[in-house]
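Student: My questions will all concern the structure given below.
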Amino acid sequence: MIKTEKLKIRCLSHPSFDSSVFDNFLLEENIEWHKSSTSTDSEALIEASGRICYMAFGEGKQSGKSNSEYIWNLIEMGHESVLEHINWSFLITGVSRAFTHQLVRHRVGFAYSQLSQQYHDESEATFVVPPSVEKCAKSFAKWKESISSSISIYKELIKTIESDESLDSMVKKERLREIRSASRSILPNATETKIMVTVNARALRHFFKMRGELDGDWEMRAVSCELYRQVISDAPAAFQDFELEQLKDKSFKLLHYRK
Ligand SMILES: Cc1cc2nc3c(=O)[nH]c(=O)nc-3n(C[C@H](O)[C@H](O)[C@H](O)COP(=O)(O)OP(=O)(O)OC[C@H]3O[C@@H](n4cnc5c(N)ncnc54)[C@H](O)[C@@H]3O)c2cc1C
């Protein structure tokens, strides 16, 4: 019996801003910040960071832009390092190893911790089925047959390599690593994995632009859209040039448009 798994993204940490500490700083500097009343903590932290660059607080120093306009101006000017001050941590499960192999190519502004196939036994692994396979009974049956064969060979390899006496000279931990490393070579791209991802708003914007609209990459689109749904209420101004669009098959893509 092949167990399949669906995408789930849990946001474990949201950006926060201790505005009382910042208010004390402003008091010490004897300056006032004319702050938008509607900005979120994340948006206020971005604006405060940007204003620090020029100490642009108060009468004569602030242009009267709203927080959203201020952040859009940073983005338009390419002063996007200011967006790096807000971060989220996500636990992403129900994704394939094929997907995470592409995800971890995003090196800048991302931190990753992923389930190891060397330390974790994959005999009970679950699998991620692409919608275009799942909707066709014939393809799905073939797919399950192939997955089933891979997982039973994986288990066989574990047993066979375990009995290899030439590995006895290894310390226990390395012996296990050798057994699982060799056996996992048979596991398919569809094997489900779990990955902790911490990312800042600038890196997320770059990821959304590169990955959110790819019609032919359903998993990238699904993850991009779900990440967008989870960050948009924290920092609408930082993602104001993105929009979700529903496709004919009911899935979504994340459009990037220039305002
Ligand atoms: C449609 C598509 C198809 C792809 N196909 C393939 C493929 O066939 N094979 C493959 O290997 N990859 C492929 N990739 C992956 C792609 O090449 C990138 O590795 C991946 O998208 C991460 O993008 P990035 O390097 O911009 O991100 P990050 O690593 O997060 O970098 C962010 C930005 O920082 C700057 N930067 C980062 N590192 C450097 C550096 N060393 N020097 C200078 N500037 C740097 C760049 O401006 C970069 O855009 C594909 C990506 C897409 C979207």
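The values are calculated or read from the model by the stated rules, or taken from the named source; none is laboratory data. Values in this document were obtained by computation on a predicted structure and should not be read as measured data. Using ideal geometry, Cβ is built from the backbone for each residue, glycine included, and neighbour counts are taken over all protein chains shown. Remember, those area values only see protein heavy atoms, side chains included, never the ligands or the DNA or RNA. Shrake-Rupley method; radii C 1.70, N 1.55, O 1.52, S 1.80 Å.
Student: Would you tally the residues in the range 107-138 being more than 20 Å from Gly94 (Cβ to Cβ) and part of a helix (DSSP H, G or I)?
Tutor: Looking only at that region, the number is 2.
Student: Considering only the range 217-236, state which residues are over 13 Å from the mean Cα position of the chain (by Cα) and more than 20 Å from Lys6 (Cβ to Cβ).
Tutor: Answer for the range 217-236, where residues must be over 13 Å from the mean Cα position of the chain (by Cα) and more than 20 Å from Lys6 (Cβ to Cβ): Ile232, Ser233, Asp234, Ala235, Pro236.
Student: Between residues in the range 199-212 that are more than 13 Å from Leu83 (Cβ to Cβ) and residues that are surrounded by fewer than 20 Cβ atoms within 10 Å (Cβ to Cβ) and of a type in the set (Ser, Thr, Tyr), which pairs lie under 9 Å by C-beta distance while being six or more apart or on different chains?
Tutor: Listed pairs, sorted by first residue: Gly212/Tyr228.
Student: Counting just the residues of the range 212-231 that are touching a strand residue (DSSP E or B) at 6+ places or on another chain (Cβ under 6 Å) and charged (D, E, K, R), which one comes out most open to solvent (accessible area, probe 1.4 Å)?
Tutor: In this case the residue turns out to be Glu213.
Student: Determine if the range 176-185 includes at least one residue that is assigned to a helix (DSSP H, G or I), within 16 Å of the ligand (Cβ to nearest atom) and not aromatic (Phe, Trp, Tyr).
Tutor: no
Student: Okay, moving on. Name the pairs whose Cβ atoms lie under 9 Å apart, with the first residue in the range 92-113 and more than 12 Å from the ligand (Cβ to nearest atom), the second open to solvent by 10 Å² or more (accessible area, probe 1.4 Å) and of a type in the set (Phe, Trp, Tyr), and 6 or more positions between them or separate chains?
Tutor: The qualifying pairs are Thr100/Tyr112.
Student: Going by what's in this entry, would His256 be described as touching an Asp or Glu at 6+ places or on another chain (Cβ under 7 Å) and either open to solvent by 30 Å² or more (accessible area, probe 1.4 Å) or under 18 Å from Cys11 (Cβ atoms) (or both)?
Tutor: Yes; evaluated as a whole, the condition is true for this residue.
Student: What are the residues in the range 12-60 that are among the aliphatic types (A, V, I, L, M) and either part of a helix (DSSP H, G or I) or more than 30 Å from the chain's Cα centre (by Cα) (or both), if any?
Tutor: The answer is Val21, Leu26, Leu27, Ile31, Ala44, Leu45, Ile46, Ala48, Ile52, Met55, Ala56.
Student: Check Thr191 against each of (1) more than 18 Å from Thr100 (Cβ to Cβ); (2) away from the ligand (no atom under 16 Å from the Cβ) and name the one condition it does not meet.
Tutor: Condition (1) is where Thr191 drops out.
Student: Is there a residue in the range 25-47 that is closer than 24 Å to Phe239 by Cβ, touching a residue at least 60 places away in the same chain (Cβ under 8 Å) and acidic (Asp, Glu)?
Tutor: yes
Student: Please find, within the range 51-91, the residue that is farthest from the ligand (Cβ to nearest atom) out of those that are under 22 Å from Val199 (Cα atoms) and small (Gly, Ala, Ser).
Tutor: This residue is Ser68.
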